[in-house]
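Participant: Okay, here's the structure, questions in a sec.
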Amino acid sequence: MRPPGGAPVHFHTFGCKANQYDTERMRQESQARGAVATNDRGAADICVVNTCTVTNAADAEAKRFIRRVKREDPRTQIVVAGCSAVLRAEEYAGMESVASVVQGHDPVEVANAVLGVVAGRGPLVQLGMEPGLAGSHLEPIGAAILDRREGATRGWLKIQDGCDRKCAFCATRIARGASRSRAPEDIVREAHQLSRHHPELVLTGIHIGHYGRDLGSSISLSRLLIRLLERIPDVRFRLGSIEATEIDGLLLELIRTSGGRIAPHLHMPLQSGSDSVLRRMKRWHTREAYRTRAVEVADALPRIGLGADIITGFPGETDTDHQDTVRLVEELPFTYLHVFPFSSKDGTEASALPDPVPQRIAGERSRELRVLAQEKQRRYRVSRAGEASVVTLESEGRRALTGDYLRVQVKGGETRDLGRLHSGVLRCGLDDLYVELRAASPSRGPWSVSAMERPERFHVSSA
Ligand code: SF4
């Protein structure tokens, strides 16, 4: 039997930021129990695969990856966890070289599985749970505090898990259960810890607009943000994806008056600009409700990174429906879009809907929207030239991310310290936008940045 300390473990993540956060917790818990995390998959004895199940293709991709790991090094033992493992545990358990399946994201269960493999306890496959909402995979998010996100400038700060909505195309509720919010004090403690390593923290979750609803107090996403701004100085916060209808006036006011401490960036899933498609998708908002909120956002925040997810070729989508989406995209000040052709997911309502749209047409509609989005992004980038920006650095300081979610090249600056925010001016180069960094102000601490104004006084109490 090999001592736990001698077991190099590689962690591989599919899926969203929430899943990436979960992997960090799995890594931290496994390390605390003696495992040695390695970024080099070839050097690992064990590979933990944190899966995604957003589409059937995502399930298939995880299986392909597992087969590849096995092919490349037959001795590597694999622990499968995450969303796809909730729904397809038996399929993973039947795969060669899968030593253990954990249905969900519980870091303690994953660490137990890793140590079980190290101890040579044979296959530990936690089967028998019904895929669905009642399974024990609905682990509480817990009070354990994540220390850092390995190797990254920006930290993920998970504030809730699960979702109470029932969109027809989505399996996330089946895989992750109903919305559960973390206690505000745990979030503040974790933000404090993460702020020692990361100059920007992204509030992540599955449905962050519902933060606090299950806590039975007056806490909400906006009030949580006020606490974070007051208690964690000199860090920029950014919101993960948030539904347009859940952005209230207070949230907009906080972003507007935060002096850049809340990044002026909102990613508001749209999915379709056609009311009939939205109805079939079981979305709760209309085209007009979305449009109105997007216009309010743009009025309140003239300089904002505004993004959306769109699905093309949802069952029954006609060319007229698609043109409704195109017109809405043309009208609204999006700075980028994530556009995907509809991909069926077993077990969802959408997978049983009639009138499938041929893949070729769904693909063409996606391409049309992507071209439109690229042109909108190009125009926005050009309009930002000559303006100041506070950035986080990426790629060893060669690239940067602005508050309004533009990725740009970096020039100038005396230091390229990835552990703090930098200020600079955006310039248009021959090829693209770049940021010319200013020298850091020596009078400020390592987390501060001279261009970052103190936020104006907030208009509500954080009580
Ligand atoms: S929550 Fe959704 S997107 Fe994230 S990993 Fe799970 S299935 Fe994939």
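FYI, it's all coordinate maths here, none of it is from the lab. Keep in mind that this is a model prediction, so the values were computed, not measured. Note: ideal-geometry Cβ built from the backbone for every residue, glycine included; neighbour counts use all protein chains shown.
Participant: Compute the distance from the alpha-carbon center of the stretch 349-366 to that of the stretch 65-114, in whole Å.
Facilitator: The stretch 349-366 and the stretch 65-114 have Cα centres spaced 31 Å from each other.
Participant: Ok, one more. Along the charge dipole of the stretch 4-125, pointing to its positive end and built from +1/-1 on Cβ of Lys, Arg, Asp and Glu, which listed residue (Phe11, Thr53, Val101) has its Cα farthest out?
Facilitator: Of the listed residues, the answer is Phe11.
Participant: So, in nm, how far is label Asp186 from label Arg231 when the simple model puts each one 7 Å beyond its Cα toward the Cβ?
Facilitator: Taking the two extended label points, one gets 1.3 nm.
Participant: Expected output is a single nm value to one decimal: the length gained when fully extending between Thr245 and Asp164, i.e. 0.36 nm times separation in residues minus the C-alpha distance. What is it?
Facilitator: Working: separation 81, 0.36 × 81 = 29.16 nm, distance 1.45 nm.
Additional length available on full extension: 27.7 nm.
Participant: With a 10 Å Cβ neighbour count serving as the proxy for reagent exposure, in which order, fewest first, do Arg149, Arg231 appear?
Facilitator: On the way: Arg149 22, Arg231 14.
So the residues, fewest neighbours to most, are Arg231, Arg149.
Participant: Can I ask one more? Under a point spin-label approximation (7 Å from Cα along Cα-to-Cβ), what is the Ser344-Arg379 distance to one decimal in nm?
Facilitator: In this crude spin-label approximation the distance works out to 3.8 nm.
Participant: Now for a separate question. Put a dot 7 Å past each Cα toward the Cβ at Glu61 and Asn39; how far apart are the dots in nm?
Facilitator: Roughly 2.1 nm, to one decimal.
Participant: Relative contact order of the stretch 189-319: what whole-number percent is it, with Cα pairs under 8 angstrom and at least 6 residues apart? Don't jump to the answer; show the numbers that get you there.
Facilitator: Working: 164 pairs, mean separation 29.7, N = 131.
Relative contact order comes out at 23 percent.
Participant: Go through the stretch 8-23 residue by residue and turn each phi into a ³J(HN,Hα) via Karplus (6.51, -1.76, 1.60, θ = phi - 60°); whole Hz please, and just put x for glycine and proline.
Facilitator: Once rounded to whole Hz, the list reads x, 10, 9, 10, 10, 10, 10, x, 8, 4, 4, 5, 4, 4, 4, 4.
Participant: What ranking of Leu406, Leu301, Leu266 emerges when the number of other C-beta atoms within 10 Å of each C-beta is taken as an exposure proxy, fewest first?
Facilitator: On the way: Leu406 22, Leu301 18, Leu266 26.
Listing Leu406, Leu301, Leu266 from fewest to most nearby Cβ atoms yields Leu301, Leu406, Leu266.
Participant: Then there's this: How big is the Cα convex hull of the stretch 16-83 in projection, averaged over all directions, in nm²?
Facilitator: Numbers: hull surface 18.4 nm².
If I average the Cα hull's projected area over directions, I get 4.6 nm².
Participant: Moving on to the next point. Gap in Å between the Cα centre of the stretch 192-250 and the Cα centre of the stretch 6-64?
Facilitator: 26 Å
Participant: Bin width 5 Å, origin at 0, all Cα-Cα pairs of the stretch 154-381: what percent of pairs per bin?
Facilitator: Histogramming the stretch 154-381 at 5 Å steps yields 1, 7, 14, 17, 18, 16, 13, 9, 4, 2, 0 percent.
Participant: Here is a follow-up. Quick check on the chain: helices-only [θ] at 222 nm, where DSSP H runs of length 4 and up contribute -39,500 (n - 2.57) each and the sum goes over total residues. Nearest 500, please. Display every interim value, and only then the final one.
Facilitator: Details: 13 runs with 150 residues, N = 463.
That comes out to -10000 deg cm²/dmol.
Participant: Compute log10 of I(q)/I(0) for the chain with the Debye formula, placing one identical point scatterer on every Cα and leaving out solvent, at q = 0.11 Å⁻¹, to two decimals.
Facilitator: -0.97
Participant: Determine the dipole magnitude for the chain: charges of +1 sit on the beta-carbon of Lys and Arg, -1 on that of Asp and Glu, nothing else is charged, the reference point is the Cα centre, and the result goes in debye to the nearest 20. It would help to have the intermediate numbers written out before the result.
Facilitator: Values: 65 positive and 59 negative charges, 166 e Å.
Using only the charged Cβ atoms, the result is roughly 800 debye.
Participant: Subtract the Cα-Cα distance of Thr292 and Gln323 from 0.36 nm times their separation in residues, and report this length gain in nm to one decimal. Intermediate values should be presented prior to the final figure.
Facilitator: Values: separation 31, 0.36 × 31 = 11.16 nm, distance 1.88 nm.
Here the segment from Thr292 to Gln323 would lengthen by 9.3 nm.
Participant: Fewest Cβ neighbours within 10 Å first, please rank Asp234, Asp346 accordingly.
Facilitator: Details: Asp234 16, Asp346 13.
Starting with the residue having the fewest Cβ neighbours, the order is Asp346, Asp234.
Participant: Also, quick follow-up: Pop out the ³J(HN,Hα) list for the stretch 399-407 in order, Karplus 6.51 cos²θ - 1.76 cosθ + 1.60 with θ = phi - 60°, rounded to Hz; leave Gly and Pro as x.
Facilitator: 10, 9, 10, 7, x, 8, 6, 10, 8
Participant: Using the structure shown, select from Lys345/Lys376; Lys17/Lys345; Lys63/Lys282 the pairs with a Cα to Cα distance greater than 27 angstrom.
Facilitator: Working: Lys345/Lys376 31 Å; Lys17/Lys345 20 Å; Lys63/Lys282 30 Å.
From Lys345/Lys376; Lys17/Lys345; Lys63/Lys282, over 27 Å: Lys345/Lys376; Lys63/Lys282.
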